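Heads up, the thing below is written out as structure tokens.
The values are calculated or read from the model by the stated rules, or taken from the named source; none is laboratory data. Quantities reported herein were computed from a predicted structural model and do not represent experimental measurements. Quick reminder, even Gly has a Cβ in these numbers, built from the backbone with ideal geometry, and neighbours come from all protein chains shown.
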Amino acid sequence: MSDEELFDRLYEAHLPDLRAFIYRRIPPAQVDDVVAETFLVAWRRIAEVPAEPRPWLFGIARRVMLTTRTQGRWLALQVRLAAEPPGRPQELAGDVAARLDLTRAWSRLTAGEREVLSLIAWDGLTVAEAATVLGCQPGTFRMRLMRARRHLLHILDRLPAVEAWPLHPVTEGVRP
């Protein structure tokens, strides 16, 4: 069978499941791009297609989504921050301090711990779905999740808290 025939069969047999897998994990507007990128990678690696290609394709899609998500996070953050109504300076300072604490703790987790936590917290996956993405049993994933949560809380407990500086409006005490 030629590479083209193999790719055609791969595409026809797995497109519906792959689209559903991707659709559950990212905004609908991005699904077509991620599907296309996944099959582009599959075409480039056509010689590596295993006997059971479905998990292989899902793994490719997962990596494509991670790349897409990382690139899109900055834009999403900018849009979200621009849309948030301004709060009182003290509230904003407290939010920033909490985010800094979490960012510092997050950076001290292992890559595996960050992935396990992000699949649940950011991606909103169930334990079973996250276990499938990582290629492990749900019980194994639950154990990894429990350990990652425990480690994150341990780090947060030991970090010196970032103090929220009192903020005063720039115009305070200034008369027009």
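With the requirement that a residue be on the phi < 0 side of the Ramachandran plot and touching a residue at least 60 places away in the same chain (Cβ under 8 Å), what does region 115-138 give you? Passing the criteria: ASP123, LEU125, GLU129, THR132, VAL133. When each of ALA131, ALA82, ALA76 is tested for being within 30 Å of VAL34 (Cα to Cα), at pLDDT 85 or above, of a type in the set (A, V, I, L, M, F, W, C) and part of a helix (DSSP H, G or I), the lone residue that passes is ALA131. Say whether the condition of being more than 17 Å from the chain's Cα centre (by Cα) and either part of a helix (DSSP H, G or I) or without any contact (Cβ under 8 Å) to a residue 40 or more places away in the chain (or both) is met by at least one residue in region 21-29. Within region 21-29 (the criterion being more than 17 Å from the chain's Cα centre (by Cα) and either part of a helix (DSSP H, G or I) or without any contact (Cβ under 8 Å) to a residue 40 or more places away in the chain (or both)), the answer is no, since none of the residues qualifies. Summed over region 134-176, the residues that are at pLDDT 75 or above, of a type in the set (A, V, I, L, M) and in a loop (DSSP other than H, G, I, E, B) give a count of 0.
Are any of the residues in region 21-28 farther than 18 Å from TRP122 by Cβ and either loosely packed, with under 14 Cβ neighbours inside 10 Å or out of contact with any strand residue (DSSP E or B) (no Cβ under 8 Å at 6 or more places or on another chain) (or both)? So far as region 21-28 goes, no, none of its residues is farther than 18 Å from TRP122 by Cβ and either loosely packed, with under 14 Cβ neighbours inside 10 Å or out of contact with any strand residue (DSSP E or B) (no Cβ under 8 Å at 6 or more places or on another chain) (or both).
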